[in-house]
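What follows is calculated from the coordinates using simple rules that are stated; it is not laboratory data. Please read all numbers here as calculations on a predicted model, not as lab measurements. With ideal geometry, Cβ positions are generated from the backbone for all residues, glycine too; neighbour counts draw on all protein chains shown.
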Amino acid sequence: MNGLILVGGVSLLALLGALLYWQLVVTEGVYLGRRVVVWLYDLYASRYDDVKQFDERDEAWFLGEPLNKALLGVPAPLVLDVATGTARLPQALFQQPTFSGRVVALDLSRQMLRQAASKMALYRDRLTLLWQDATRLPFPDAVFDAVTCLEALEFLPDAKVTLTEMVRVLRPGGLLLTSSRTGPGARWMPGRAVSREAFVALLESLSLSDVLVSTWQVDYDIAWARKPGRSTGPTPPTLPALLRCPRFTGGPLIRQDRAFFCDTCDSHYPITDDGVVEMGW
Ligand SMILES: C[S@@+](CC[C@H](N)C(=O)[O-])C[C@H]1O[C@@H](n2cnc3c(N)ncnc32)[C@H](O)[C@@H]1O
């Protein structure tokens, strides 16, 4: 009898351990809500680059070079990187000698942004880091020449909502670059990882054209697409002209020394010493 209880107890513990491992490690907290996801990224931020070990040549080949090439006809292109993490995409782009544009990079993990800010200090005049949720992008419609979001859609509360936002802020004719989870790990993320066909269909359902999805890494497909139409009007020249209040009103923000201020709802968004604009939760 005691033996049976012991076996039952051990099995239960093993099951609990496996469940926790699946929830916190394999799926990075995604079924437990965005606070858990972001908390895990905050914990992991200082080790992220060491664990990922991105290869500089691969980053240039798959990201920096093709994106820069696609933007060559655009004077001083403006790029938005959603869920930027430790600034992988901005880094790949700024390493392209002919890239003459600016990047706005957004993430909800403050610690990931801290790493990004310290790595990218050299580019501070061309890179703006925003601590903000990807679900609601604090920008007016049709302002970015390219919008990117890599290795992140499956961790966001609703990939379609964020993709819709990404398309909204993209200029007509602008480029969308994103990724879709594949490979052996994908089967452990039901409802989060989708088949290539379903991903293409999702992008096409957002009225994107020239959708091209191909194999990228063991765990990801890469996807390129365009927003139909042709861009008109100049790129907004300064950050205040770009930013909108993420709370209720969505009104324009006013720059005040070391903060942005919304005179409709009185919200203040500080600019911290490492240059991050803190919009937060
Ligand atoms: C696997 S990392 C990818 C980072 C970077 N794009 C890259 O390719 O290295 C996923 C990122 O998504 C961010 N993230 C998760 N949920 C988010 C949310 N709701 N809003 C903004 N960023 C979020 C995490 O903080 C993390 O930095």
Handout entry: In degrees, nearest ten, helix 196-205 long axis to first principal axis of the chain (Cα)
Key = 40
Fill in the blank from the handout: Among the Cα-Cα pairs of segment 113-259, the proportion with separation greater than 22 Å, in percent, is 47
Practice task
Please find the FRET efficiency linking Thr98 to Gln53, where r is the Cβ-Cβ separation and R0 is fixed at 30 Å, and quote it to the nearest 0.05.
Solution key: 0.65
Handout entry: Extended-chain gain in nm, criterion 0.36 nm per residue less alpha-carbon gap, Lys119 and Lys160
Key = 11.7 nm
Practice task
Measure nothing fancy, just the Cα-based angle from helix 34-52's long axis to the longest principal axis of the chain, in degrees from 0 to 90, nearest 10.
Solution key: 80
Handout entry: Spin-label model distance (nm) - Ser205 vs Thr264, 7 Å beyond Cα toward Cβ
Key = 2.9
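Work out, step by step, the length gained on full extension between Asp257 and Asp273: first 0.36 nm times the residue separation, then minus their alpha carbon distance; give nm to one decimal.
On the way: separation 16, 0.36 × 16 = 5.76 nm, distance 1.24 nm.
My answer for the length gained is 4.5 nm.
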Problem - Calculated FRET efficiency for the pair Lys69/Arg187, C-beta based, R₀ 41 Å, to 0.05 - result: 0.75
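What is the antiparallel percent of DSSP beta bridges lying wholly in the chain, to the nearest 5?
Values: 21 of 43 bridges.
For the chain, the DSSP antiparallel bridge percentage is about 50.
Taking the Cβ-Cβ separation of Arg136 and Ile5 as r and a Förster radius of 45 Å, what is the calculated FRET efficiency to the nearest 0.05?
It comes to 0.30.
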Exercise for the section: Enumerate the residues in segment 65-89 having an amide nitrogen under 19 Å from the point lying 7 Å beyond the Cα of Ser214 toward its Cβ. Expected result: 65-72
Handout entry: Per-residue HN-Hα couplings for segment 148-163 [Karplus 6.51, -1.76, 1.60; θ = phi - 60°; Hz; x = Gly/Pro]
Key = 10, 7, 10, 6, 9, 3, 6, 9, 8, x, 8, 4, 5, 4, 5, 4
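Quick one: grab the alpha carbon gyration tensor of segment 67-141, order the square roots of its eigenvalues as a ≥ b ≥ c, and give me rounded if a/c is under 1.5, else prolate or oblate depending on whether a/b is larger than b/c. Don't jump to the answer; show the numbers that get you there.
On the way: a/c = 2.21, a/b = 1.33, b/c = 1.66.
Oblate is the answer for segment 67-141, as a/c is 1.5 or above yet b/c matches or exceeds a/b.
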Exercise for the section: Run down the lysines and flag those whose C-alpha is under 21 Å from the C-alpha of Lys160, throwing out any fewer than 8 positions away in its chain. Expected result: Lys227
Handout entry: Cys residues of the chain counted as unpaired, since no other Cys beta-carbon is under 4.7 Å
Key = Cys149, Cys265
Exercise for the section: Give, as a single signed number, the net charge of other residues whose beta carbon lies under 13 Å from the beta carbon of Pro190, with Lys and Arg counted +1 and Asp and Glu -1. Expected result: +2
Exercise for the section: Lys and Arg at +1, Asp and Glu at -1: add these up for the other residues within a Cβ distance under 11 Å of Val277 and post the number. Expected result: 0
